[in-house]
Structure formats: structure tokens, C-alpha cells
1. Can you flag which of K18/K187; K46/K186; K60/K186; K18/K197; K42/K197; K41/K187 are past 32 Å Cα-Cα?
2. Taking the convex hull of the alpha carbon atoms in the range 13-81, what volume per residue do you get, in Å³?
3. Per residue, what accessible area does the range 1-65 have, given a 1.4 Å probe and all protein chains present, in Å²?
4. For Y207, Y98, give the ranking by accessible area with the largest first, probe 1.4 Å.
Amino acid sequence: MDMLINLRYLDLKVSALKEIPARLLPKLVHLQHLSFDVKNKKVRLKAEEMEPLKKLECFKGRFEDINEFNKFISSMQQSELIMLPIDIQELNIVECHYLRSFVDDDNSSFKNAIDLRICRIWFCEGIEYVVSLPSFASPSSHPFQSLEVLDLQFLPKLSVLIIKYEGICLATTSTLAPSATFSHFKKISIRRCSSMKTLLPHWLLPYLQNLEEISVLYCDELVEIVGAATSEVEEKGSDALIKFH
């Protein structure tokens, strides 16, 4: 074991792996990269195993549950407020059925990820929407301000991307969202989201000038890629439609 103390890179993406030897990971304090096969449900980590890895820069794997994940993030940030690391650039959320949304006014866990570039949400049965409008109140701390790729797959309850407190927001005035919030979007991919009928609200179009690709597969209820304008403000904003590159 002493020979592995200085190990910096450990890739264990092996589907046949059944367990990690007890007290192995806490001793590898110089690890910068650690990865497991995320499809292997037999290997689930606890926060106490990961907390000593203060130099870790890249991690791919499973925690036993959301509580263990939160404990780990809290220990990294040395704070009682549980958030994702501020410099995280790629996030995959898979089979988290308790989630109702990615970001809303009550969900502080994801708001700190302001440098997020790629977000994938797959196989989450509880997701009803991605983001709520009130959460845009502070544009300097919103995860969508740097987001380039949004990939949504197998979300049976997902009906819209954006809502407001009063109800589903398929179209509303553009002043409710800061211009920088969606300005880096390059690709939106939707697959097997059987409850979605309209992909993009009309008011969002002026903010999507960098959008290059929209991919929609097997969304049987989808009838509109872009919703209709419902106000004069939105009609005037129609001149700034998406210019695909």
C-alpha cells in the first residue's frame, strides 16, 4: 500500500468491480483524478472515504445516496451551505428521481456552479421543469450563464424548460431573464421526454444567438419547437431570431 501513496491518477472504470478495499481511498491523498464505471451500481462511495482527497480535480463515480454526496461537497467547501464546487464545468445527473427541477428559487445546491459548461440530466423520473424564472434574480450567480450544452433524456414528467411560480411559463416578457443567462447556449438536446409539448418559449429567442444545434428525438407530444408570441413585446423581439451557424 505504501507504494501507492503518491498515486495521482486512478481509473477503475471496470464493470466487474464489486467493491473498493476498506480504507484504500483515504490513503491516496495525492489523487487528482479518480474514476469508476458509473453504471456499476455495486461500487458506491461514502463521504468519509473521499474527504481526505483534497487534491482531487476530476471525479467520476457514484455515492451511496444524495446525503453522502452532500456531505462530501460540504467538506470540500468547509461550509454549512451545501453547493456544487464553483468551478465545476461538467455535470451529469442520472437516476435522481427525487429532483423536481435543476434550478429553482429553493434549490441552492446547483446555483453556485456558475462556470458550468455541460449539463446532462438523464433518467430522472421526477423532473418537471429545468429552471424557474425567480431563480434568475441574481444573474451573476446563475449556472446557466456559462452553459453551452444542455442534454435532457428520458424525463417522462418534463413538460417545459422554464416555469414561473404562478404556473407553467411557455411565453412571457423577455425582461424577466437577464440577457447573459442563456447567451452561451450552443446545443440543446431532448430525447424521450414524453410530456413536453413546446421546447422553447418565444421570448427566449433573442438570447440564443450562439445556439448552433437543436436535437429532438422520440418526444411524441412535442408540437412546437418555438412557442408563439403572446405579447407585443415578444413580437417586436422576433427580429432577433436564432441564426444557426
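1. Values: K18/K187 37 Å; K46/K186 36 Å; K60/K186 24 Å; K18/K197 42 Å; K42/K197 37 Å; K41/K187 30 Å.
Those over the limit are K18/K187; K46/K186; K18/K197; K42/K197.
2. Dividing the Cα hull volume of the range 13-81 by its residues yields 83 Å³.
3. Details: 4410 Å² over 65 residues.
On a per-residue basis, the range 1-65 sits at 68 Å².
4. On the way: Y207 30, Y98 135 Å².
Putting Y207, Y98 in descending order of accessible area: Y98, Y207.
The values are calculated or read from the model by the stated rules, or taken from the named source; none is laboratory data. Predicted, not measured: the structure shown is a model, and the values here were computed from it. Accessible surface areas use protein heavy atoms only, side chains included; no ligands, DNA or RNA. Shrake-Rupley method; radii C 1.70, N 1.55, O 1.52, S 1.80 Å.
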